[in-house]
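Below is one structure; the comments refer to it alone.
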Number of protein chains: 4
Amino acid sequence: MNIMFIGDVVGRPGRKIIKEVLPELKCKYSVDFVIANAENAAGGNGITKKIAEELFSYGIDFLTMGNHVWDNKEIFDFIEEELRMVRPANYPPGTPGRGSQIIELDGTVKIGILNISGRVFMPDLDCPFRTADRELEKLKKLTNIIVVDFHAEATSEKQALGWYLDGRVSLVAGTHTHVQTADERILPKGTAYITDVGMTGAYDGILGIEREPVIRKFLTQMPTRFEVAKGTSQLNAIVVEIDVETGLAMKIQRLIIK
Amino acid sequence: MNIMFIGDVVGRPGRKIIKEVLPELKCKYSVDFVIANAENAAGGNGITKKIAEELFSYGIDFLTMGNHVWDNKEIFDFIEEELRMVRPANYPPGTPGRGSQIIELDGTVKIGILNISGRVFMPDLDCPFRTADRELEKLKKLTNIIVVDFHAEATSEKQALGWYLDGRVSLVAGTHTHVQTADERILPKGTAYITDVGMTGAYDGILGIEREPVIRKFLTQMPTRFEVAKGTSQLNAIVVEIDVETGLAMKIQRLIIK
Amino acid sequence: MNIMFIGDVVGRPGRKIIKEVLPELKCKYSVDFVIANAENAAGGNGITKKIAEELFSYGIDFLTMGNHVWDNKEIFDFIEEELRMVRPANYPPGTPGRGSQIIELDGTVKIGILNISGRVFMPDLDCPFRTADRELEKLKKLTNIIVVDFHAEATSEKQALGWYLDGRVSLVAGTHTHVQTADERILPKGTAYITDVGMTGAYDGILGIEREPVIRKFLTQMPTRFEVAKGTSQLNAIVVEIDVETGLAMKIQRLIIK
Amino acid sequence: MNIMFIGDVVGRPGRKIIKEVLPELKCKYSVDFVIANAENAAGGNGITKKIAEELFSYGIDFLTMGNHVWDNKEIFDFIEEELRMVRPANYPPGTPGRGSQIIELDGTVKIGILNISGRVFMPDLDCPFRTADRELEKLKKLTNIIVVDFHAEATSEKQALGWYLDGRVSLVAGTHTHVQTADERILPKGTAYITDVGMTGAYDGILGIEREPVIRKFLTQMPTRFEVAKGTSQLNAIVVEIDVETGLAMKIQRLIIK
Ligand SMILES: [Fe+2]
Ligand SMILES: [Fe+2]
Ligand SMILES: [Fe+2]
Ligand SMILES: [Fe+2]
Ligand SMILES: [Fe+2]
Ligand SMILES: [Fe+2]
Ligand SMILES: [Fe+2]
Ligand SMILES: [Fe+2]
């Protein structure tokens, strides 16, 4: 089967290009299941029920989150009920929402999705590696097809988790930096890996954000109000071909659509 | 003219693949000048005179550095005399070595090379943006062909400096993360840009380093001794075509050689 | 002469105790000049013109700031005109307000006040040590009586600046941690030093802030809205006796008033 | 009963003053049990068996550690056998040594000692608050007399843990900043608290370390070799009077001995 993973969707420009190109891409790459990181989907900060529904209506099947998960308070209204969404599993016990989820596709194939946050240069959550072990123990009882969104900053931590999970999951897809990396590969034991899937949003912004305030912030070190950038959009994604029996990956392909 | 920039060279596996493939690559891409980031060239940590000479003998013309610049104390023996090397220009006044340099190629073309370190998740150096302004004021009097190695962690800071310098330099090449990004482009005013050129060293390590100790460090949070990884090497680089008159870039191309 | 320095004033409970006890304290300790760090004076975040006037009306002569300086946007309405206030001098050139100031007392004695921010675990400002050198070059031409508010987190950076300026200024008073330290002393060359003057505000809060949300934030790692704590107040301050001729300190005394 | 807690012992000057003044202090304050933070006891970095024995021979009963616990590799030779020492309990399961310990005094009174590391501006360990809950569940079954060494940087995190544990332990003593704070108090439910006990070592150093290299490091941002400072020593400690039945504190007193 083919799973598409779309990099951090940033605001309206991100949603717009998904609407425009996703149907065609799904067809072209025979995609069976689409996951998107949606932590910046609502105006660059978090997500709302309305925007989640919008993304689902464009053909996305499942949403992952990251450090911006709580930015828009509306998430608390629907995170418990929405079964097509995960937030980092290494938040402490008692955190609203879920860190992993099993989705049954066509009544036969089960896909496990696990969201984890890095700790290097990131909030102080539980150990990503031990969290992965704990969550996989549950998920592996139900399916071999497991996609991990590792939302992290440091390339060392991301590659380390990729190798740590090699052979145990179908895909470790890095998110958060908003820049697609060119290091996609199938690791020796069969896990597809990429350090960062990239960003889906305004192409001429800085990480999808209006440039001028970002540059001004670096120059002045003063508080600055950021807005989602306008103009041409890009979509960053990967498509991974997975053996349904073993859950192992056979192919990983990067997409940059402008 | 064509300038090649090689991403962080990590230890012997990095130097080995340069020796093996650089002559052929220079020929294939009609390369006039080769720059390499060498902050990890000596066993993963810093550089020595011997290793600098080794890299020059393989066809590299110029070396840039980064946060690991002082890791090997031998650098203090030759950094003042070695005119083919720069370290981050935003170290304070009085720091050994130089932050920028002009190289005269074939007695006609002058190339300015500027090394800057990021500040986000990095050591507390002077402002990279104001340092760039200050250094460019000097360099622009002598040449329009200017290559900037921005050695930084955060993608926001890297893209911000790229846009900040658009039209003022030939190339802003990001280094430090050891993972090549797929966002190479010519910015609207003519500066070639890539968030990270990547890493030249062992392909099956974590950022060129032996995997097991890196993973163990994340699992245990205890001090760990790292070694350069062994096995197959990769070379990560870019080739940029520059208009000699204007100094602006016409083409940027990523290379991943395994 | 005797200068009193009051530690970070946090919201209404901080202002209230100043109103109540400052007149009496000034009398008791023969205080000639009162400086207060006011970065948290307005509801815990920044300052307004109205609150600055309120503090002046209670007998405070001069205000220093810190990393919260821009939290309340009203500061931009009066920072340029208000000569009795400084913000960290190591913000880049062009930043609103001033980093140091000379105040003439009774038409005879001149007092220089210099505000500097640390860089360790703090925003990326210019080097505090070189900023101090630059500012002192200006101030020392006009007076020997110089008070430095070093608004910083790390005790190493604070003690280092204290020793670095020993003999060149009257006082290096640390602020920012909101906890008074017990290491007040006169350094060998005559500079009074304390790592942190402490906090003036609600005694039963956490750094002057309501306890429950702060603890919840640590437990949940989720965004939390903080409020200034209520209840009994404390005032944290120091009184330093300075030789008017040499500008050197003869005595430093800590105050904790509840 | 009276428990003395001695702040971070730094190298030979720290050990020397303990030898000289501890017997007399124990007598003067009727001290029944002495705990010292020894993470910097061996030349400023970690501890050895020989130095642990030396400290015990001077009258110290128990040692706590912190982020420098593993600096001296000799610790691995004896940490498992040494029952009079704890290291931060929030290291992952499997870490050598123990995070908490019960000591039986005179065959009657049991004292629990718990060492926890902060996470703000510190290594990525497990949640200090949940770790405290977990460890206290064990310790409270055996004794009410519990001393917590919270080795942390941020004053917010330290005060938060103090209030979080109020009424559940005898003492929360902060360590790590090497500067004694003046905020010692008995919290409303009976826990003694201080943000930092301070440092026991060379008085004229920077945190017990030779000044010149520390200042040079801040000025140059280059790697620097630190040495323990020489000259006069100070001892920083607290003495806490505890009700043996309830385990609650009745009095906390700061000591600065020069
Ligand atoms: Fe994002
Ligand atoms: Fe993110
Ligand atoms: Fe590197
Ligand atoms: Fe680097
Ligand atoms: Fe403050
Ligand atoms: Fe502050
Ligand atoms: Fe420490
Ligand atoms: Fe320490």
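Just so it is clear, none of the values below were taken in a lab; they were calculated from the coordinates. All values derive from a computational prediction rather than experimental measurement. When we count neighbours, we look across all protein chains shown, and the Cβ atoms used for this are built from the backbone with ideal geometry, even at glycine.
Okay, here's what the table says:
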read-out: Count of residues meeting criterion [surrounded by 21 or more Cβ atoms within 10 Å (Cβ to Cβ) and without any contact (Cβ under 8 Å) to a residue 24 or more places away in the chain] in the range C:216-258; value: 2
read-out: The range D:107-160, residues that are in contact with a Ser or Thr (Cβ under 8 Å, 6 or more places away or on another chain) and within 20 Å of D:Gly94 (Cα to Cα); value: D:Ile113, D:Leu114, D:Asn115, D:Ile116, D:Pro123, D:Leu125, D:Pro128, D:Glu135, D:Lys138, D:Leu139
read-out: Extreme residue, surrounded by the fewest Cβ atoms within 10 Å (Cβ to Cβ), among residues of the range B:8-32 that are in contact with a helix residue (DSSP H, G or I) (Cβ under 9 Å, 6 or more places away or on another chain) and closer than 13 Å to B:Met199 by Cα; value: B:Arg15
read-out: Test result for A:Ile35, surrounded by 22 or more Cβ atoms within 10 Å (Cβ to Cβ), hydrophobic (A, V, I, L, M, F, W, C) and more than 16 Å from ligand 7 (Cβ to nearest atom); value: yes
read-out: Matching option when the condition is over 23 Å from D:Met199 (Cα atoms) and part of a loop (DSSP other than H, G, I, E, B), among C:Pro96, C:Pro188; value: C:Pro96
read-out: Filter result (of a type outside the set (D, E, K, R) and either closer than 23 Å to D:Thr155 by Cα or facing chain C (nearest Cβ under 9 Å) (or both)) within the range D:204-219; value: D:Gly205, D:Ile206, D:Leu207, D:Gly208, D:Ile209, D:Val214, D:Ile215, D:Phe218, D:Leu219
read-out: Subset of the range D:49-81 that is part of a helix (DSSP H, G or I) and within 14 Å of another protein chain (Cβ to nearest Cβ) - its residue that is farthest from ligand 5 (Cβ to nearest atom); value: D:Phe76
read-out: Strands (runs of 3 or more DSSP E) enclosed by the range A:104-176 - at least 1 residues per element that are within 14 Å of chain D (Cβ to nearest Cβ) and surrounded by 24 or more Cβ atoms within 10 Å (Cβ to Cβ); value: A:109-117
read-out: Failed criterion for C:Arg84 (all others in (1) in contact with a Gly (Cβ under 6 Å, 6 or more places away or on another chain); (2) farther than 24 Å from C:Glu153 by Cα; (3) surrounded by fewer than 19 Cβ atoms within 10 Å (Cβ to Cβ) hold); value: (1)
read-out: Candidates D:Val240, D:Val197, D:Val214 - the one that is outside any strand (DSSP E or B), more than 16 Å from ligand 2 (Cβ to nearest atom), within 27 Å of D:Val120 (Cβ to Cβ) and under 17 Å from the mean Cα position of the chain (by Cα); value: D:Val197
read-out: Residue check for A:Gly46: farther than 23 Å from A:Glu135 by Cα and either within 16 Å of ligand 7 (Cβ to nearest atom) or within 14 Å of chain C (Cβ to nearest Cβ) (or both); value: yes
